[in-house]
Amino acid sequence: MRSVCVFCGSNAGTSPAYAAATRALARAITGRGLRLVYGGGRIGLMGVLGEEALAAGGHVIGVVPRRLVEKEVVRTDLSELHVVETMQERKSLMAALSDGFVALPGGFGTLDELFEMLTWTQLGYHRKPCALLDVDDYFERLIAFLDHSVEQRFITAPHRAMLVVERDPGALLDRLAAERPPDSSKWMDRSPG
């Protein structure tokens, strides 16, 4: 693993633990000599992530849609800044630049990006691991929902297991580096419901 993409909120959330975990993850990534790929933001948890990784001497790559550049919410002092036209282009380039994906607390965009990468792995478009850094049980209900989806036979157990969940950044990166996504079919059966 040479690079890790982190998805996280452009807002900071209510708990100081979110920013603290973001800083710890940035230091863990740069401390291992890994490149950080992220959304390029300068506000919220994205801003914390970029700032901490740069302060630690890391190689930080931002991928941002032009519309967000125009709204002036983007860091311009990154190691690399890629400006794209659409969110879809953003996700495609982030995927191409990254060997694995981590989600920190965030909103719709964070979840969209994470689940798209998980789906690409599930369908075989790439074989890159995905993880949640579960800060103060932020993702507890999401994890329960995914487990419920397995029980209801909408997600297979091997595909549910593709999503690594850890509370410690170092342990998360260790598992991400060791993770080998399953080579199994998404479909449990091919007959109509």
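Note the full-extension length gain between residue 123 and residue 83 as 0.36 nm times their separation in residues minus their Cα-Cα distance, in nm to one decimal.
11.7 nm
With a probe of 1.4 Å, find how much accessible area the chain has per residue, and write the answer as a whole number in Å².
50
Pulled fully out, how much extra length does the chain show between residue 157 and residue 24, if you take 0.36 nm times their separation in residues and subtract their Cα-Cα distance?
44.8 nm
Ignoring any ligand, DNA or RNA, what whole percent of the accessible area of region 15-74 comes from carbon and sulfur when the probe is 1.4 angstrom? If you can, show how the numbers build up before the last one.
On the way: 1240 of 2510 Å².
Roughly 50 percent, rounded to a whole number.
Within region 32-48, which residues have the backbone N less than 14 Å from the label spot 7 Å out from residue 1 along Cα→beta-carbon, could you tell me?
It comes to 32-37, nothing else.
What FRET efficiency comes out for residue 71 versus residue 140 if R0 is 35 angstrom and r is the Cβ-Cβ distance? Round to the nearest 0.05. Walk me through the numbers before you get to the answer.
Working: r = 32 Å, r/R0 = 0.92.
The value I calculate is 0.65.
What length, rounded to one decimal in nm, is gained on full extension from residue 108 through to residue 165, with 0.36 nm per residue of separation minus their alpha-carbon distance?
On the way: separation 57, 0.36 × 57 = 20.52 nm, distance 1.89 nm.
Result for the pair: 18.6 nm of gain on full extension.
The values are calculated or read from the model by the stated rules, or taken from the named source; none is laboratory data. The structure presented is a predicted model; accordingly, all values stated were derived computationally and were not measured. When we count neighbours, we look across all protein chains shown, and the Cβ atoms used for this are built from the backbone with ideal geometry, even at glycine. The area values use the complete protein model at the heavy-atom level, side chains included, leaving out ligands, DNA and RNA. Shrake-Rupley method; radii C 1.70, N 1.55, O 1.52, S 1.80 Å.
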